[in-house]
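Here the structure is laid out as C-alpha coordinates; the discussion comes afterwards.
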Amino acid sequence: MSTKTIKAYGTKSAESDLEQLNINRRSVTAKDVEIDILFCGVCHSDLHFARNDWGMTQYPVVPGHEIVGKVTQVGTGVSKYKVGDLVAVGCLVDSCRSCNNCKDDLEQYCPQWVGTYGGYDKHLNSPTHGGYSEAIVVDEDFVLRVPENLDQAGIAPVLCAGITTWSPLRQWKVGKGSKVAVVGLGGLGHMALKLANALGADVTLFSRSPNKVQDGLDLGAHQVIISTDEAQMEGVMNHFDLIIDTVPYAHDLNPYIGTLATNGTLVVVGYLGPLDPMLVTVPMIMGRRSVAGSLIGGIAETQELLDFCGKHNITSDIEIIKMQDINLAYERMLKSDVHYRFVIDMKSLKK
Ligand code: NAP
Ligand code: ZN
Ligand code: ZN
(Lines give C-alpha, C1' and ligand atoms only; values in the text may rest on other atoms or scores of the structure.)
(Ligands and ions follow the chains in the order given, each with its own letter.)
Protein backbone atom coordinates (compact mmCIF):
# COMPACT_ATOMS: atom_id res chain seq x y z
CA MET A 1 0.00 0.00 0.00
CA SER A 2 1.21 3.54 -0.65
CA THR A 3 2.67 5.53 2.21
CA LYS A 4 3.67 9.07 3.08
CA THR A 5 6.96 9.84 4.86
CA ILE A 6 6.69 12.33 7.71
CA LYS A 7 8.81 13.70 10.57
CA ALA A 8 8.54 12.21 14.05
CA TYR A 9 10.47 11.96 17.31
CA GLY A 10 11.43 8.61 18.73
CA THR A 11 14.22 6.42 19.95
CA LYS A 12 16.12 3.44 18.57
CA SER A 13 17.10 1.93 21.93
CA ALA A 14 16.30 2.01 25.64
CA GLU A 15 19.56 3.81 26.37
CA SER A 16 19.43 6.57 23.76
CA ASP A 17 17.68 9.94 23.83
CA LEU A 18 14.70 10.63 21.61
CA GLU A 19 15.70 12.19 18.27
CA GLN A 20 14.12 13.21 14.98
CA LEU A 21 13.26 10.27 12.70
CA ASN A 22 11.30 9.73 9.51
CA ILE A 23 8.32 7.35 9.66
CA ASN A 24 5.74 6.16 7.14
CA ARG A 25 2.01 6.71 7.50
CA ARG A 26 -0.40 4.71 5.35
CA SER A 27 -2.47 6.50 2.72
CA VAL A 28 -6.08 6.82 3.87
CA THR A 29 -8.19 3.73 3.24
CA ALA A 30 -12.00 3.97 2.93
CA LYS A 31 -12.60 4.22 6.69
CA ASP A 32 -9.53 6.31 7.60
CA VAL A 33 -9.15 9.87 8.80
CA GLU A 34 -5.86 11.72 8.30
CA ILE A 35 -5.08 14.13 11.13
CA ASP A 36 -2.60 17.00 11.22
CA ILE A 37 -1.34 16.84 14.83
CA LEU A 38 -1.50 20.16 16.70
CA PHE A 39 -0.68 19.00 20.24
CA CYS A 40 0.41 15.80 21.96
CA GLY A 41 0.55 15.21 25.71
CA VAL A 42 3.50 13.48 27.40
CA CYS A 43 2.46 10.49 29.52
CA HIS A 44 4.69 8.61 31.95
CA SER A 45 3.84 5.51 29.86
CA ASP A 46 5.71 7.16 26.94
CA LEU A 47 8.82 7.21 29.12
CA HIS A 48 8.28 3.61 30.35
CA PHE A 49 7.94 2.51 26.72
CA ALA A 50 10.90 4.48 25.36
CA ARG A 51 13.13 2.98 28.08
CA ASN A 52 11.65 -0.54 27.80
CA ASP A 53 10.59 -0.60 31.48
CA TRP A 54 7.94 -3.19 30.60
CA GLY A 55 10.26 -5.37 28.47
CA MET A 56 8.01 -5.27 25.39
CA THR A 57 9.27 -2.32 23.35
CA GLN A 58 10.19 -2.81 19.71
CA TYR A 59 12.51 -0.15 18.32
CA PRO A 60 12.35 2.37 16.87
CA VAL A 61 9.47 3.58 19.02
CA VAL A 62 7.58 6.86 18.49
CA PRO A 63 5.55 7.54 21.67
CA GLY A 64 2.52 9.79 22.15
CA HIS A 65 -1.11 8.88 22.80
CA GLU A 66 -2.73 12.16 23.83
CA ILE A 67 -3.29 13.57 20.36
CA VAL A 68 -5.33 16.58 19.28
CA GLY A 69 -5.44 17.72 15.66
CA LYS A 70 -7.40 18.79 12.61
CA VAL A 71 -8.77 16.45 9.96
CA THR A 72 -6.93 16.97 6.64
CA GLN A 73 -8.34 14.09 4.60
CA VAL A 74 -11.05 11.42 4.92
CA GLY A 75 -11.57 8.09 3.13
CA THR A 76 -14.52 7.49 0.80
CA GLY A 77 -16.45 5.53 3.46
CA VAL A 78 -15.98 7.96 6.37
CA SER A 79 -19.26 9.32 7.72
CA LYS A 80 -18.44 10.75 11.15
CA TYR A 81 -15.78 13.36 10.31
CA LYS A 82 -14.99 15.89 7.60
CA VAL A 83 -11.95 17.96 6.66
CA GLY A 84 -11.35 20.74 9.21
CA ASP A 85 -12.94 18.98 12.21
CA LEU A 86 -11.13 19.23 15.56
CA VAL A 87 -10.49 15.66 16.66
CA ALA A 88 -8.49 13.54 19.06
CA VAL A 89 -6.86 10.12 19.29
CA GLY A 90 -6.02 8.39 22.56
CA CYS A 91 -4.28 5.12 23.37
CA LEU A 92 -6.22 2.84 20.99
CA VAL A 93 -6.34 2.84 17.18
CA ASP A 94 -8.01 -0.52 16.48
CA SER A 95 -9.43 -3.72 18.03
CA CYS A 96 -11.10 -6.92 16.78
CA ARG A 97 -14.60 -5.36 17.01
CA SER A 98 -16.29 -8.75 17.49
CA CYS A 99 -15.30 -10.11 20.93
CA ASN A 100 -17.50 -9.59 23.99
CA ASN A 101 -15.34 -6.72 25.24
CA CYS A 102 -15.55 -4.91 21.89
CA LYS A 103 -19.34 -5.42 21.84
CA ASP A 104 -19.51 -3.96 25.38
CA ASP A 105 -17.51 -0.81 24.44
CA LEU A 106 -14.51 -2.14 26.35
CA GLU A 107 -12.06 -2.16 23.41
CA GLN A 108 -9.19 -1.62 25.85
CA TYR A 109 -9.71 -5.19 27.12
CA CYS A 110 -9.96 -6.74 23.62
CA PRO A 111 -7.22 -9.39 23.30
CA GLN A 112 -6.38 -7.85 19.92
CA TRP A 113 -6.46 -4.15 20.79
CA VAL A 114 -3.98 -2.07 18.83
CA GLY A 115 -2.07 0.58 20.75
CA THR A 116 -1.47 3.97 19.17
CA TYR A 117 2.23 3.14 19.44
CA GLY A 118 3.87 -0.23 19.98
CA GLY A 119 0.83 -1.93 18.39
CA TYR A 120 0.66 -3.62 15.02
CA ASP A 121 -0.66 -1.82 11.91
CA LYS A 122 -2.39 -4.52 9.88
CA HIS A 123 -2.43 -2.30 6.77
CA LEU A 124 1.33 -1.69 6.76
CA ASN A 125 2.41 -4.93 8.50
CA SER A 126 4.58 -2.87 10.82
CA PRO A 127 4.49 -1.37 14.31
CA THR A 128 2.20 1.59 14.96
CA HIS A 129 3.77 4.96 15.73
CA GLY A 130 2.32 7.54 18.10
CA GLY A 131 1.67 11.23 18.31
CA TYR A 132 5.20 12.65 18.58
CA SER A 133 4.81 13.19 14.84
CA GLU A 134 3.40 15.57 12.25
CA ALA A 135 0.34 13.54 11.31
CA ILE A 136 -1.49 10.26 11.94
CA VAL A 137 -3.96 8.11 9.99
CA VAL A 138 -6.63 6.37 12.10
CA ASP A 139 -9.85 4.43 11.45
CA GLU A 140 -12.79 6.78 12.09
CA ASP A 141 -14.19 4.45 14.77
CA PHE A 142 -11.15 5.24 16.95
CA VAL A 143 -11.22 9.00 16.37
CA LEU A 144 -12.91 11.26 18.94
CA ARG A 145 -14.64 14.61 18.67
CA VAL A 146 -13.21 17.51 20.70
CA PRO A 147 -15.58 20.12 22.18
CA GLU A 148 -14.82 23.44 20.45
CA ASN A 149 -15.09 25.51 23.65
CA LEU A 150 -11.96 24.01 25.26
CA ASP A 151 -8.28 24.93 24.99
CA GLN A 152 -6.82 22.65 22.29
CA ALA A 153 -3.56 21.98 24.12
CA GLY A 154 -5.18 21.59 27.54
CA ILE A 155 -7.61 18.96 26.33
CA ALA A 156 -4.88 16.61 24.99
CA PRO A 157 -4.11 14.93 28.37
CA VAL A 158 -7.76 13.97 28.74
CA LEU A 159 -7.08 11.31 26.09
CA CYS A 160 -4.99 9.22 28.51
CA ALA A 161 -4.49 10.84 31.93
CA GLY A 162 -8.17 11.82 31.96
CA ILE A 163 -9.78 8.63 30.73
CA THR A 164 -7.55 6.38 32.85
CA THR A 165 -8.92 7.99 36.00
CA TRP A 166 -12.46 8.61 34.67
CA SER A 167 -13.02 4.94 33.88
CA PRO A 168 -12.59 3.73 37.50
CA LEU A 169 -14.57 6.73 38.80
CA ARG A 170 -17.46 5.57 36.58
CA GLN A 171 -16.98 1.83 37.15
CA TRP A 172 -17.11 2.31 40.94
CA LYS A 173 -20.08 4.71 40.56
CA VAL A 174 -18.54 7.78 42.15
CA GLY A 175 -21.03 10.57 42.70
CA LYS A 176 -22.16 13.15 45.19
CA GLY A 177 -20.81 12.34 48.66
CA SER A 178 -18.50 9.47 47.57
CA LYS A 179 -15.23 9.52 49.46
CA VAL A 180 -12.44 9.29 46.89
CA ALA A 181 -8.67 9.45 47.35
CA VAL A 182 -5.95 9.79 44.73
CA VAL A 183 -2.36 8.63 45.31
CA GLY A 184 0.31 10.70 43.53
CA LEU A 185 -0.04 14.19 42.08
CA GLY A 186 1.25 13.94 38.52
CA GLY A 187 -0.54 13.83 35.18
CA LEU A 188 -3.09 11.16 36.08
CA GLY A 189 -3.43 12.34 39.68
CA HIS A 190 -4.29 15.94 38.84
CA MET A 191 -6.95 14.86 36.34
CA ALA A 192 -8.38 12.45 38.92
CA LEU A 193 -8.75 15.33 41.42
CA LYS A 194 -10.54 17.52 38.88
CA LEU A 195 -12.87 14.79 37.66
CA ALA A 196 -13.77 13.35 41.08
CA ASN A 197 -14.47 16.88 42.31
CA ALA A 198 -16.70 17.61 39.29
CA LEU A 199 -18.65 14.40 40.01
CA GLY A 200 -19.44 15.76 43.48
CA ALA A 201 -17.16 13.49 45.50
CA ASP A 202 -15.38 14.34 48.71
CA VAL A 203 -11.78 14.27 47.41
CA THR A 204 -8.47 13.57 49.19
CA LEU A 205 -4.95 13.62 47.76
CA PHE A 206 -2.20 11.35 49.12
CA SER A 207 1.19 12.79 48.15
CA ARG A 208 4.80 12.33 49.20
CA SER A 209 5.51 15.95 48.31
CA PRO A 210 4.71 18.63 50.93
CA ASN A 211 5.34 21.31 48.27
CA LYS A 212 2.27 20.08 46.33
CA VAL A 213 -0.29 20.59 49.12
CA GLN A 214 -1.62 23.95 47.88
CA ASP A 215 -1.74 22.73 44.28
CA GLY A 216 -3.68 19.67 45.38
CA LEU A 217 -6.27 21.88 47.07
CA ASP A 218 -6.43 24.22 44.07
CA LEU A 219 -6.93 21.26 41.70
CA GLY A 220 -9.97 19.91 43.50
CA ALA A 221 -8.87 18.04 46.64
CA HIS A 222 -10.71 18.91 49.84
CA GLN A 223 -7.77 17.67 51.92
CA VAL A 224 -4.19 16.56 51.31
CA ILE A 225 -2.52 13.79 53.33
CA ILE A 226 1.27 13.52 53.28
CA SER A 227 1.62 9.76 52.94
CA THR A 228 4.87 9.57 54.93
CA ASP A 229 3.24 11.23 57.98
CA GLU A 230 1.87 8.42 60.18
CA ALA A 231 -0.39 10.69 62.25
CA GLN A 232 -2.04 12.08 59.11
CA MET A 233 -2.51 8.53 57.74
CA GLU A 234 -4.03 7.42 61.04
CA GLY A 235 -6.59 10.23 60.73
CA VAL A 236 -8.15 8.73 57.59
CA MET A 237 -8.41 5.05 58.60
CA ASN A 238 -11.62 3.23 57.48
CA HIS A 239 -12.60 6.20 55.34
CA PHE A 240 -12.53 5.89 51.54
CA ASP A 241 -14.95 4.23 49.12
CA LEU A 242 -12.40 4.37 46.30
CA ILE A 243 -8.66 5.04 46.08
CA ILE A 244 -7.03 5.55 42.66
CA ASP A 245 -3.29 4.84 42.87
CA THR A 246 -1.32 6.51 40.06
CA VAL A 247 2.24 5.93 41.33
CA PRO A 248 4.42 4.63 38.44
CA TYR A 249 6.89 2.50 40.43
CA ALA A 250 6.74 -0.33 42.98
CA HIS A 251 5.67 1.06 46.35
CA ASP A 252 4.00 -0.15 49.55
CA LEU A 253 0.21 -0.38 49.10
CA ASN A 254 -0.38 -1.70 52.64
CA PRO A 255 -0.63 1.70 54.39
CA TYR A 256 -3.50 2.65 52.05
CA ILE A 257 -5.63 -0.49 52.46
CA GLY A 258 -6.62 0.34 56.03
CA THR A 259 -7.80 3.78 54.91
CA LEU A 260 -10.53 2.10 52.83
CA ALA A 261 -14.00 1.86 54.34
CA THR A 262 -15.73 -1.56 54.48
CA ASN A 263 -16.33 -2.66 50.86
CA GLY A 264 -13.88 -0.02 49.64
CA THR A 265 -11.59 -0.59 46.63
CA LEU A 266 -8.08 0.53 45.83
CA VAL A 267 -7.63 0.63 42.05
CA VAL A 268 -4.07 0.48 40.77
CA VAL A 269 -3.65 2.34 37.49
CA GLY A 270 0.02 3.35 37.75
CA TYR A 271 2.48 0.59 38.50
CA LEU A 272 2.59 -2.52 36.30
CA GLY A 273 4.38 -5.47 37.91
CA PRO A 274 4.84 -7.50 41.10
CA LEU A 275 4.16 -5.65 44.35
CA ASP A 276 7.08 -5.05 46.68
CA PRO A 277 6.49 -5.34 49.60
CA MET A 278 3.74 -7.92 49.23
CA LEU A 279 0.15 -7.24 50.21
CA VAL A 280 -0.94 -8.23 53.70
CA THR A 281 -4.43 -9.73 53.35
CA VAL A 282 -5.60 -9.08 56.91
CA PRO A 283 -7.19 -5.64 56.36
CA MET A 284 -8.72 -6.89 53.11
CA ILE A 285 -10.41 -9.86 54.81
CA MET A 286 -11.36 -7.95 57.94
CA GLY A 287 -13.15 -5.23 55.96
CA ARG A 288 -14.13 -6.85 52.64
CA ARG A 289 -11.72 -4.43 51.00
CA SER A 290 -10.52 -4.98 47.43
CA VAL A 291 -7.47 -4.21 45.35
CA ALA A 292 -8.19 -3.92 41.63
CA GLY A 293 -6.63 -2.64 38.41
CA SER A 294 -7.92 -0.65 35.45
CA LEU A 295 -6.66 0.13 31.94
CA ILE A 296 -7.44 3.42 30.13
CA GLY A 297 -11.07 3.40 28.86
CA GLY A 298 -13.10 2.44 25.79
CA ILE A 299 -13.89 4.73 22.86
CA ALA A 300 -17.48 5.52 23.91
CA GLU A 301 -16.36 6.21 27.48
CA THR A 302 -13.59 8.52 26.22
CA GLN A 303 -16.12 10.47 24.15
CA GLU A 304 -18.37 10.64 27.22
CA LEU A 305 -15.45 12.17 29.14
CA LEU A 306 -14.58 14.69 26.40
CA ASP A 307 -18.22 15.81 26.39
CA PHE A 308 -18.24 16.00 30.21
CA CYS A 309 -15.09 18.16 30.07
CA GLY A 310 -16.75 20.41 27.48
CA LYS A 311 -19.80 20.83 29.68
CA HIS A 312 -17.85 21.44 32.90
CA ASN A 313 -15.03 23.43 31.26
CA ILE A 314 -12.35 20.98 32.42
CA THR A 315 -8.89 20.86 30.87
CA SER A 316 -5.51 19.78 32.12
CA ASP A 317 -3.00 22.15 33.80
CA ILE A 318 -0.18 22.06 31.29
CA GLU A 319 3.30 23.25 30.47
CA ILE A 320 3.76 23.56 26.72
CA ILE A 321 7.11 22.35 25.39
CA LYS A 322 8.86 22.12 22.04
CA MET A 323 9.37 18.66 20.54
CA GLN A 324 13.14 19.22 20.82
CA ASP A 325 12.82 19.52 24.65
CA ILE A 326 11.32 16.07 25.18
CA ASN A 327 14.43 14.50 26.75
CA LEU A 328 14.57 17.24 29.37
CA ALA A 329 10.84 16.75 30.03
CA TYR A 330 11.45 13.03 30.68
CA GLU A 331 14.19 13.87 33.20
CA ARG A 332 11.84 16.24 35.02
CA MET A 333 9.09 13.61 34.98
CA LEU A 334 11.43 11.17 36.73
CA LYS A 335 11.87 13.77 39.50
CA SER A 336 8.05 14.22 39.84
CA ASP A 337 8.61 17.78 38.61
CA VAL A 338 5.59 18.07 36.28
CA HIS A 339 2.87 20.71 36.82
CA TYR A 340 0.91 18.79 35.82
CA ARG A 341 1.31 17.59 32.25
CA PHE A 342 3.77 18.43 29.49
CA VAL A 343 2.09 19.01 26.13
CA ILE A 344 4.16 19.24 22.95
CA ASP A 345 3.30 22.02 20.52
CA MET A 346 3.75 20.11 17.29
CA LYS A 347 4.50 23.28 15.32
CA SER A 348 8.02 22.91 16.72
CA LEU A 349 8.51 19.66 14.79
CA LYS A 350 7.01 20.95 11.55
CA LYS A 351 9.35 23.97 11.33
P1 NAP B 1 3.60 11.33 36.54
O2 NAP B 1 3.03 12.56 35.91
O3 NAP B 1 5.06 11.13 36.51
O4 NAP B 1 3.04 11.27 38.05
C5 NAP B 1 3.31 10.25 38.95
C6 NAP B 1 3.24 10.76 40.40
O7 NAP B 1 3.40 9.64 41.27
C8 NAP B 1 4.34 11.72 40.78
O9 NAP B 1 4.06 13.06 40.47
C10 NAP B 1 4.47 11.51 42.27
O11 NAP B 1 3.46 12.23 42.97
C12 NAP B 1 4.16 10.04 42.43
N13 NAP B 1 5.40 9.21 42.44
C14 NAP B 1 6.35 9.14 41.48
N15 NAP B 1 7.30 8.24 41.80
C16 NAP B 1 6.94 7.73 42.99
C17 NAP B 1 7.49 6.74 43.84
N18 NAP B 1 8.63 6.12 43.53
N19 NAP B 1 6.86 6.47 45.00
C20 NAP B 1 5.73 7.13 45.32
N21 NAP B 1 5.15 8.07 44.53
C22 NAP B 1 5.74 8.35 43.39
O23 NAP B 1 3.00 10.03 35.82
P24 NAP B 1 1.58 9.84 35.07
O25 NAP B 1 1.74 10.23 33.63
O26 NAP B 1 0.52 10.40 35.87
O27 NAP B 1 1.48 8.24 35.04
C28 NAP B 1 1.39 7.52 36.25
C29 NAP B 1 1.49 6.03 35.97
O30 NAP B 1 0.30 5.58 35.34
C31 NAP B 1 2.63 5.62 35.03
O32 NAP B 1 3.21 4.43 35.50
C33 NAP B 1 1.92 5.33 33.72
O34 NAP B 1 2.62 4.41 32.92
C35 NAP B 1 0.63 4.76 34.23
N36 NAP B 1 -0.50 4.81 33.29
C37 NAP B 1 -1.41 3.80 33.34
C38 NAP B 1 -2.51 3.82 32.54
C39 NAP B 1 -3.54 2.73 32.62
O40 NAP B 1 -4.31 2.58 31.69
N41 NAP B 1 -3.62 2.00 33.71
C42 NAP B 1 -2.70 4.87 31.65
C43 NAP B 1 -1.78 5.91 31.66
C44 NAP B 1 -0.68 5.88 32.48
P45 NAP B 1 3.72 12.90 44.41
O46 NAP B 1 4.88 13.84 44.21
O47 NAP B 1 2.42 13.59 44.67
O48 NAP B 1 3.97 11.81 45.39
ZN1 ZN C 1 -0.77 7.37 28.79
ZN1 ZN D 1 -12.30 -7.38 20.51
Single condition residue 259 does not satisfy, out of (1) farther than 19 Å from residue 45 by Cα; (2) not assigned by TED's automatic domain parsing to the domain that holds residue 197: (2)
Which numbered condition residue 174 fails, given (1) over 27 Å from residue 79 (Cα atoms); (2) free of Cβ contacts under 8 Å to residues at least 40 places away in the same chain; (3) in a loop (DSSP other than H, G, I, E, B); (4) out of contact with any Ser or Thr (no Cβ under 9 Å at 6 or more places or on another chain): (2)
Any hit, region 116-125, residues being within 16 Å of ligand 3 (Cβ to nearest atom) and outside any strand (DSSP E or B): yes
Selection status of residue 98, farther than 25 Å from residue 7 by Cα, of a type in the set (Gly, Ala, Ser) and assigned by TED's automatic domain parsing to the domain that holds residue 321: yes
Qualifying helices (runs of 4 or more DSSP H) (wholly inside region 224-321; at least 2 residues being surrounded by 13 or more Cβ atoms within 10 Å (Cβ to Cβ), in contact (Cβ under 8 Å) with a residue 60 or more places away in the chain and within 16 Å of ligand 3 (Cβ to nearest atom)): 299-312
Failed item in (1) within 21 Å of residue 303 (Cα to Cα); (2) away from ligand 1 (no atom under 16 Å from the Cβ); (3) not in a strand (DSSP E or B), with residue 64 passing the rest: (2)
Matching residues in region 330-351 - criterion: being over 18 Å from residue 17 (Cα atoms) and part of a loop (DSSP other than H, G, I, E, B): 336, 337, 338, 339, 340, 346, 351
Members of region 1-21 that are under 15 Å from residue 346 (Cα atoms) and without any contact (Cβ under 8 Å) to a residue 40 or more places away in the chain: 19
Any chance residue 164 is buried (at least 23 other Cβ atoms within 10 Å of the Cβ) and within 24 Å of residue 77 (Cβ to Cβ): no
Options 58, 73; residue that is part of a strand (DSSP E or B), assigned by TED's automatic domain parsing to the domain that holds residue 86 and touching a residue at least 40 places away in the same chain (Cβ under 8 Å): 73
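The values are calculated or read from the model by the stated rules, or taken from the named source; none is laboratory data. Values in this document were obtained by computation on a predicted structure and should not be read as measured data. Backbone-built Cβ (ideal geometry, glycine too); neighbour counts: all protein chains shown.
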